[in-house]
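Here is the structure we will look at.
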Amino acid sequence: MTRDILALIQENVHTFSKGQKKIASFILDSYDKAAFMTASRLGRTVGVSESTVVRFAAELGYDGYPDMQRSLQKMIRNRLTSVQRIEVTNDRLGDQDLLSMVLQSDMEKIRMTLEELDRESFDRAVDAIVQARKIYIIGVRSAAAIAAFLHFYFTLIFDNVTLVSNGTAGEAFESLLRVGAGDVVVGVSFPRYSSQAVQAVKFARDRGATTVAITDSEASPLAEISHCTLKARSDMASFVDSLVAPLSLVNALLVAVSRRKNDELSRTLSTLEAIWDEYGVYEKAQD
């Protein structure tokens, strides 16, 4: 079960030494980050020795730190079922104020995203999108909301955008039938990763398209098949996917692309404003 390591820590926390409790607290709060740290780095991060980290893994019943790390990484890749998400969230919440915890967690994920984002990958993604012959955006399940948001604004900037959203796997491949060199495919997926999105992005890459992943970590299956990976921290609020940081990243991507297409976008928006005015598309706020 993917919940095992979190459950082990929570069940045994009362037996830990002071140093081990620091490790436990960090893993429970930042398991996606801890999963890819060496024992020495994890120790430095929480202020304990490497040997304390190794003993912590043994205390949990693992055959050393690498064994515990593999367990963490497996959990990250597969994440939790919806029922397990509710259980873990209830454990994490305890008697804390739900509203404050969720909003504070979202703010922290934005902060971490800003600190960890690869600026070179971001710039390469912007270059590829601006120069693309055609742009495809893929996002299904909860990621469909992010994909639709990106598509809405891209259609104001470009005239060559296709949204490949919720539907059957066959429909996704049909939408990508003519994809090839010179095209850019933006795939959006967060745990639990959609196999449909991963397969569609792989299909596009195999046919020569430049692939851009908007996902949560290098362990994401999208990252493995993408030329540019834009990482944004996600989290779970019960069974709900928290996608605040990914949406903020998409906002930054939209602003960066729009600045590169500034003159064309200004002309497009001037035309649209006249049409919206003529047909009363928007209601004016009451004074």
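The values are calculated or read from the model by the stated rules, or taken from the named source; none is laboratory data. Here the structure is a predicted model, which is why all the values come from computation and not from measurement. Please note: Cβ atoms are built from the backbone with ideal geometry, for glycine as well, and neighbour counts cover all protein chains shown. The protein model used for the area step is the full one, side chains on, heavy atoms only, and it has no ligands, DNA or RNA in it. Shrake-Rupley method; radii C 1.70, N 1.55, O 1.52, S 1.80 Å.
Data overview
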{"quantity": "Cα pair count fraction exceeding 17 Å, expressed as % - segment 179-287", "calculated": "66"}
{"quantity": "Rg(Cα)/(2.2 N^0.38 Å) for segment 153-193, N = residue count", "calculated": "1.31"}
{"quantity": "Other-chain or far-sequence residues with amide H under 5 Å of Val186's (modelled H)", "calculated": "Tyr136, Ile137, Ile138, Val212"}
{"quantity": "Cβ-based charge dipole, the chain, positive-most Cα from Ile110, Val13, Ile146", "calculated": "Val13"}
{"quantity": "Candidates per chymotrypsin sites (Phe, Trp or Tyr not before Pro) in segment 180-264, loop by DSSP, up to 15 other Cβ within 10 Å", "calculated": "Phe239"}
{"quantity": "Electrostatic dipole magnitude of segment 102-210 [Cβ: Lys, Arg +1; Asp, Glu -1; Cα centre; debye, to 20]", "calculated": "300"}
{"quantity": "Per-residue HN-Hα couplings for segment 189-200 [Karplus 6.51, -1.76, 1.60; θ = phi - 60°; Hz; x = Gly/Pro]", "calculated": "7, 9, x, 7, 5, 7, 5, 5, 5, 4, 5, 5"}
{"quantity": "The chain: most fluctuating residue of Pro221, Pro246, Pro66 per GNM, C-alpha cutoff 10 Å", "calculated": "Pro66"}
{"quantity": "Farthest toward positive dipole pole in the chain [+1 Lys/Arg, -1 Asp/Glu at C-beta], among Thr210, Ile27, Val53", "calculated": "Val53"}
{"quantity": "Residue (of Leu98, Ile135, Pro66) at the positive-pole extreme of the chain, dipole from beta-carbon charges", "calculated": "Pro66"}
{"quantity": "For Leu222, solvent-accessible area (1.4 Å; no DNA, RNA or ligand), Å²", "calculated": "0"}
{"quantity": "Helix-only mean residue ellipticity at 222 nm for the chain, each DSSP H run of n ≥ 4 adding -39500 (n - 2.57), per residue, nearest 500", "calculated": "-18500 deg cm²/dmol"}
{"quantity": "Fluctuation leader among Gln69, Gln199, Gln104 - the chain, Gaussian network, Cα springs under 10 angstrom", "calculated": "Gln104"}
{"quantity": "Ordering of 135-142, 120-127 by burial proxy (mean other Cβ atoms within 10 Å per residue, highest first)", "calculated": "135-142, 120-127"}
{"quantity": "Anchor Lys202: lysines whose Cα lies under 21 Å away (excluding residues fewer than 8 positions away in-chain)", "calculated": "Lys134, Lys231"}
{"quantity": "Whole-Å semi-axes of the ellipsoid equivalent to the chain (Cα gyration tensor, √5λ, descending)", "calculated": "40, 22, 17"}
{"quantity": "GluC sites (Glu not before Pro) restricted to DSSP loop in segment 204-287 with at most 15 other C-beta within 10 Å", "calculated": "Glu218, Glu283"}
{"quantity": "Check: the chain dipole with +1 on Lys, Arg Cβ and -1 on Asp, Glu Cβ, in debye", "calculated": "780"}
